[in-house]
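A.B. asks: I'd like to ask some things about the structure below.
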Amino acid sequence: MTYEVTQIGTVRNDFETPVGPEEMAAHESTIVIDEDYAEGLYRIADNDYVTVLWYLHESGEPSLRGPRRYGTERGIFACRSPNRPSPIGTTTVELLEREGRELRVHGLDAIDGTPVLDIKPYAPNFDRPDRTDDRRENHGGRIEGPSADRDGRAREVGGDEQ
C-alpha cells in the first residue's frame, strides 16, 4: 500500500553527508517551514521541545535485519537504522527560537536539505513512558554483547529471536 505525505519544510545545517547521529545532534539546525504552512507555527514557541518527523531521503536500501553500528544484530523495528521500509526519521529536539518561518533547534540528527514531514509538540504525558528504566544493556548509545530478555536474563545472540 502506498501513501502520500507532504513536505512542510527543510532542514538547514552544516552536515552535507550523514555522520554519526550523536555528532549531528550535538549541533544546532534550522528548520525552514514552507510559506504555505507558516501559520501552523502559531504559538509553537510555547514549547521547550518538539518532535520532528522527516524523510530519510538519502537512506540506503531497506533491510529487515542486519548489523548495527555498535553491537548485536537486530531487526529494523528494534533499532534506529535509516534503511527502513518507510524511510521516516523522528527525533525530539529542543526548540531554541522561532523567527518567522524558521525554527532554531538543538539535537536534530538530520542532514542539510532533509525534507521535514511534520512537527509535533513534545508532550511528556503522551510521549514519555511511565517506566524510566530501559531493558537494553548500556542504552546510552552503544549496545554490545548479548541482549537481555524482558526479565533481564542474558540471551544468546544470533539464531531466530522472536
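A.B. asks: Look through Leu56, Leu117, Leu96 and report the one residue that is surrounded by fewer than 18 Cβ atoms within 10 Å (Cβ to Cβ) and either modelled with pLDDT under 95 or within 24 Å of Thr2 (Cα to Cα) (or both).
C.D. replies: Leu117
A.B. asks: Tell me which residues, restricted to the stretch 1-44, are charged (D, E, K, R) and not in a helix (DSSP H, G or I).
C.D. replies: Once the filter is applied, which keeps residues that are charged (D, E, K, R) and not in a helix (DSSP H, G or I), the stretch 1-44 yields Glu4, Arg12, Asp14, Glu16, Glu28, Asp34, Arg43.
A.B. asks: May I ask you to say which residue of Tyr70, Tyr49, Tyr42, Tyr37 is at pLDDT below 95 and not acidic (Asp, Glu)?
C.D. replies: Unique residue meeting the criteria: Tyr70.
A.B. asks: Can you work out which of the residues in the stretch 102-114 that are open to solvent by 20 Å² or more (accessible area, probe 1.4 Å) and within 14 Å of Thr91 (Cα to Cα) is modelled with the highest pLDDT?
C.D. replies: Restricting to residues being open to solvent by 20 Å² or more (accessible area, probe 1.4 Å) and within 14 Å of Thr91 (Cα to Cα), the top hit is His106.
A.B. asks: Considering only residues that are surrounded by fewer than 16 Cβ atoms within 10 Å (Cβ to Cβ) and either in a loop (DSSP other than H, G, I, E, B) or at pLDDT 80 or above (or both), which ones fall in the stretch 73-85?
C.D. replies: Those that are surrounded by fewer than 16 Cβ atoms within 10 Å (Cβ to Cβ) and either in a loop (DSSP other than H, G, I, E, B) or at pLDDT 80 or above (or both): Glu73, Gly75, Arg80, Asn83, Pro85.
A.B. asks: Can you tell me which of (1) modelled with pLDDT of 85 or more; (2) open to solvent by 70 Å² or more (accessible area, probe 1.4 Å); (3) of a type in the set (Val, Ile, Thr) is the one Thr17 doesn't meet?
C.D. replies: Status for Thr17: all satisfied but (1).
A.B. asks: So the check is Cβ under 7 Å with 6+ separation or different chains; which pairs have a first residue in the stretch 20-41 that's exposed (fewer than 13 other Cβ atoms within 10 Å of the Cβ) and a second one that's modelled with pLDDT of 95 or more?
C.D. replies: Listed by first residue and then by second, the contacts come to Glu35/Arg101.
The values are calculated or read from the model by the stated rules, or taken from the named source; none is laboratory data. Worth saying up front: this structure is predicted, and the values here are computed from it rather than measured. In this analysis, Cβ positions are derived from the backbone assuming ideal geometry, glycine residues included, and neighbour counts consider all displayed protein chains. Surface areas here come from the heavy atoms of the whole protein model, side chains and all, with no ligands, DNA or RNA. Shrake-Rupley method; radii C 1.70, N 1.55, O 1.52, S 1.80 Å.
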